[in-house]
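The values are calculated or read from the model by the stated rules, or taken from the named source; none is laboratory data. What you see is a predicted model, and the numbers here were worked out from it, not measured in a lab. These area figures cover heavy atoms from the full protein model, side chains too; ligands, DNA and RNA do not enter into them. Shrake-Rupley method; radii C 1.70, N 1.55, O 1.52, S 1.80 Å.
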Amino acid sequence: MEQFSDMFANFMSKNMKNYLDKTLVETYKVLISDSDPWPLTFEPKKKIKLIDQMIEHFTEREEYERCAKLVEVKEKVMKDVEDNK
């Protein structure tokens, strides 16, 4: 028989994963929107790191269309960095 602590850990793990998925989907929607979603203090390296982590997340879930859109966003960030040098 499964102990309560194991049941609770299982429940929390599933809920946290679901929360992370929902959070990343909402972040994705903001990043691909037409507006500039980045805070002024957000460094380009942090932007690229976030996008790379999101690409990894969506690749694991085989959501390749989202990955392609994120690659476009990443390329735009990289172009902006080059243009501002």
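The residue that is nearest to Asp80 (Cα to Cα), counting only those in the range 40-65 that are in a loop (DSSP other than H, G, I, E, B) and open to solvent by less than 70 Å² (accessible area, probe 1.4 Å), is Phe42.
Asn84 meets the conditions (1) modelled with pLDDT of 85 or more; (2) open to solvent by 70 Å² or more (accessible area, probe 1.4 Å) in every case but one. The failed one is (1).
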